[in-house]
Amino acid sequence: MPVTSKIRAISRKVIKQAAKEFSLPDNVEVSVTFVNDEEMRSLNKEYRGVDSSTDVLSFAFNEGECPAEELCIEDVTGLDLLGDIVISVERAILQAKEYNHGVDREIGFLTVHGMLHLLGFDHNDEKERNRMREMEEKILRFVGLTRDKSV
């Protein structure tokens, strides 16, 4: 599936809603890159030491510089560079079928999941996982990507 303007629009919409939810300044920048499974496997191996593909990777520019409970945005040359999100479109398509919802919903979910990682959320234990999942669903509801619908 080629990366369409609709897929890009969904990611933009989700990022804007997350930025609004966390009162981020208008000049916050997040890069979203769509790749295939082969590219994702290569990135996952290089950066995480895991020789397999995954659905989404996040690279925070301020990784390790902030306490986990705090949002931290690094100011670089007047632009707030939050980080990069990389999404495997192939994996999104497979997961949409597996979870019985549209590709739009899955792209939206992967985008918000990556965005929350950039903002310091994690899912290492049940409490963190639940907190992150609640925020993901809240943001997806605001943009109309509920579990039973696609945009």
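The values are calculated or read from the model by the stated rules, or taken from the named source; none is laboratory data. Nothing here was measured: the structure is a model prediction, and the numbers come from that model. Because the Cβ atoms are built from the backbone with ideal geometry, glycine has one as well, and the counts that use them run over all protein chains shown.
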Test each condition in (1) out of contact with any helix residue (DSSP H, G or I) (no Cβ under 6 Å at 6 or more places or on another chain); (2) modelled with pLDDT of 95 or more; (3) aliphatic (A, V, I, L, M) for I87 and report the one that comes out false.
(1)
Note on the stretch 77-107: residues outside any strand (DSSP E or B) and polar (S, T, N, Q) are T77, Q95, N100
Qualifying residues in the stretch 5-30 (those that are surrounded by 13 or more Cβ atoms within 10 Å (Cβ to Cβ) and among the polar types (S, T, N, Q)) - the one nearest to H113 (Cα to Cα):
S11
How many residues of the stretch 8-21 are at pLDDT 95 or above, farther than 17 Å from S58 by Cα and touching a helix residue (DSSP H, G or I) at 6+ places or on another chain (Cβ under 7 Å)? The answer is 2
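Table: residues versus (1) touching a helix residue (DSSP H, G or I) at 6+ places or on another chain (Cβ under 8 Å); (2) modelled with pLDDT of 95 or more; (3) part of a helix (DSSP H, G or I).
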site: K6; (1), (2), (3): yes, no, yes
site: S23; (1), (2), (3): no, no, no
site: E39; (1), (2), (3): no, yes, yes
site: E70; (1), (2), (3): no, no, no
